[in-house]
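Okay, so here's the structure we're looking at.
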Amino acid sequence: MPGRWFRVPTLHKIAAAWPWWLLVAALLGVRLSKGAFLLDAYALLSRPFWPGSAQSEWLRSGQRLSDQARLVELERDNQRLRQMLQLDRAGQTLVSAPVISREPAGWWQQLELGKGRRDGIAAGDAVLAPGGLLGRVASTTPTTARVVLLTDGSSRIGVWVGRTQQHALLIGLGTARPRLVFLEKDPGVRPGDVVTTSPASTLLPPNLTIGVVQTLDEQAVPAPEGLVQLSAPVDAVDWVQVVTR
Amino acid sequence: MGVLHRQGWCGATGLAVPLLSLASPAFLKIAGVAPSWAVLWLLPWALVDGPGSGAVAGAALGLVLDALHSGDASQVPVLVLLGWWWGRIGRRGAPIERSFSLGLLALLGALALGLSLMLQLFWQGALPLPLAGWHTLVAQSLVTALLAPLVCSLLLLRWRQVVGWRG
């Protein structure tokens, strides 16, 4: 029958094939939206199999390990550079010493350590605890050392606010929080900034954490002052480390 | 002078003062401040043994305690005066036994000791914030006065017995 193939299908046949049209429209929709519905459907279906807390823990421990390794490398590098600049005292060692007497409040704020001159500890050495700097050795006997804490009224050390690169003076008040006195009129420091020992310090080991600026009085004359919350917990420390020269 | 200082072991109990000051047991502190063990020991000693012995004991205690602290503030003058004063009180009038009297004497002693330390530290520039000094002064006086009836009355009782046997 000539012309049979060119005959236009009747309308009711086209309408009867509506599921196929729907399928084509859906496929076109997927194509035009770059797979939006498909991906959403996949996400919904695969949700029970998404990475859970175990994976994030692995990742975090990997991150920690990498951070620690980097810290060691950077410290070694820093040490080498400081030695090249002759900023560092040669032969610094850490001596662990037990705290045998503790007086964090009262007329004097001091510790007595169970190691002294015989272990190489001398007056002026820095005393560290987990958390940061505690104070400096004031006097020694052959087997003990007396540490004046940063909170003691006679304690005065130069410190450094890393974020704004400002020098300041940390003065003990006899209370739990020493006073931070800036040397410049506009230090740009705000509460929450971390206070460390100066990176150029030769008296104390550089870049040791001391605490966090807690309050700031911008109106103080001649220069702004603040209070510092110390990061090393004196009441809980049983062993400290003395940086001997 | 009394007879108490001739008993070696009675004087040796004074060694407890520097040892307790060093150990500073945490459960006997108020707001982190320890009592003045020197006052707690010197009060019964001076009351029993008289002003001369009290002043000498005060000087000895003061010298030992000064050695335990950094800085130049001294406890010797006030402890000598307190030993002498308490010795006189013990010699004149009726013997002091009541807890309240002991507590009051210890409170006055701790206040005098604290005030002298505060003034010395202030003059030396080691107390930039006087408020911290007041806090220590009040806390130490309170805890000393609260412990005095307990510690001093026991020591008084024991030493009066010793004096009774020997005297």
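Brief remarks on what is shown
- Over the protein assembly as shown: Rg over Rh, Cα atoms, Kirkwood Rh: 1.36
- Taking the C-alpha atoms only, the angle from helix B:99-124 to the longest principal axis of chain B is near 40 degrees.
- For the stretch B:100-123, a reduction of at least 20 Å² in accessible area between the chain on its own and the assembled protein chains (probe 1.4 Å) is found at B:Leu117, B:Leu121.
- Options A:Ala138, A:Thr93, A:Ala25, ranked by Cα towards positive dipole end of chain A, top entry (Cβ charges): A:Ala25
- Exposure check, 1.4 Å probe, all protein chains in place: A:Arg7 carries approximately 150 Å² of accessible surface.
- B/A buried area, accessible surface, summed, 1.4 Å probe, Å²: 1800 Å²
- Within the stretch B:4-166, all pairs of alpha-carbon atoms sorted by distance into 5 Å bins from zero give the percentages 1, 10, 18, 24, 22, 13, 7, 3, 1, 0, 0.
- In this structure the stretch B:4-166 gives 46 Å² per residue of accessible area when probed at 1.4 Å with all protein chains present.
- Label-point gap, in nm, between A:Leu203 and A:Ala220 - each point 7 angstrom along Cα→Cβ: 1.8 nm
- Where A:Thr244, A:Thr215 fall by accessible area, highest first, once all protein chains stay in place (1.4 Å): A:Thr215, A:Thr244
- Surrounding net charge for A:Gly158, when Lys and Arg each add one and Asp and Glu each subtract one, Cβ distance under 14 Å: +2
- Computed over protein heavy atoms with a 1.4 angstrom probe, the accessible surface ordering of A:Lys115, A:Lys13, largest first, is A:Lys13, A:Lys115.
- Largest first, the three principal axis extents of the alpha carbons in the stretch A:1-147 are 122, 41, 24 Å in whole numbers.
- Taking only protein heavy atoms and a 1.4 Å probe, the accessible area of the stretch A:16-80 is 70% carbon and sulfur.
- The stretch A:119-198-the stretch B:31-62 distance, computed between alpha-carbon centres (Å): 36 Å
- For chain A, built as a Gaussian network whose Cα springs stay under 10 Å, the top-fluctuating residue of A:Gly35, A:Gly124, A:Gly106: A:Gly35
- Between 0 and 90 degrees, the angle of helix A:36-46 with respect to the longest Cα principal axis of chain A falls at about 60 degrees.
- Solvent-accessible area of A:Ile100, all protein chains in place: 100 Å² (probe radius 1.4 Å, heavy atoms, ligands and nucleic acids excluded).
- Close amide H contacts of A:Val195 (hydrogens built in the peptide plane, cut-off under 5 Å, sequence separation of 5 or more or a different chain): A:Ile210, A:Gly211, A:Val212, A:Val213.
- Residue-normalised accessible area of the stretch A:58-179, given per residue in Å² at a 1.4 Å probe: 52 Å²
- Normalised convex hull volume, the stretch A:92-245, alpha-carbon set, Å³ per residue: 96 Å³
- Most fluctuating residue given options B:Pro128, B:Pro18, B:Pro51, as computed from a GNM of chain B linking Cα atoms under 10 Å: B:Pro128
- For the stretch A:111-182, the spread of Cα positions along each principal axis, largest first, Å: 41, 23, 19
- Selected from A:Pro48, A:Pro104, A:Pro205 as most flexible by GNM, with chain A as the system and alpha-carbon contacts under 10 Å: A:Pro48
- Threshold 10 Å² - residues in the stretch A:138-178 whose accessible area is reduced by that much or more when the chain is no longer isolated, probe 1.4 Å: A:Arg146, A:Val148, A:Gly153, A:Ser154, A:Arg156, A:Leu173, A:Gly174, A:Thr175
- Accessible-area composition of chain B, carbon plus sulfur, in percent [1.4 Å probe]: 72 percent
- Once the Cα atoms are used to define both axes, helix A:18-32 deviates from the longest principal axis of chain A by about 30 degrees.
- Minimum 50 Å² accessible area buried by the other protein chains, the stretch B:5-44 residues, probe 1.4 Å, relative to alone: B:Leu22
The values are calculated or read from the model by the stated rules, or taken from the named source; none is laboratory data. Keep in mind that what you see is a predicted model, and the values were worked out from it rather than measured. Positions of Cβ are generated from backbone atoms using ideal geometry, with glycine treated the same way; all protein chains shown enter the neighbour counts. Please note that ligands, DNA and RNA were not included when accessible areas were found on the heavy atoms of the full protein model with its side chains. Shrake-Rupley method; radii C 1.70, N 1.55, O 1.52, S 1.80 Å.
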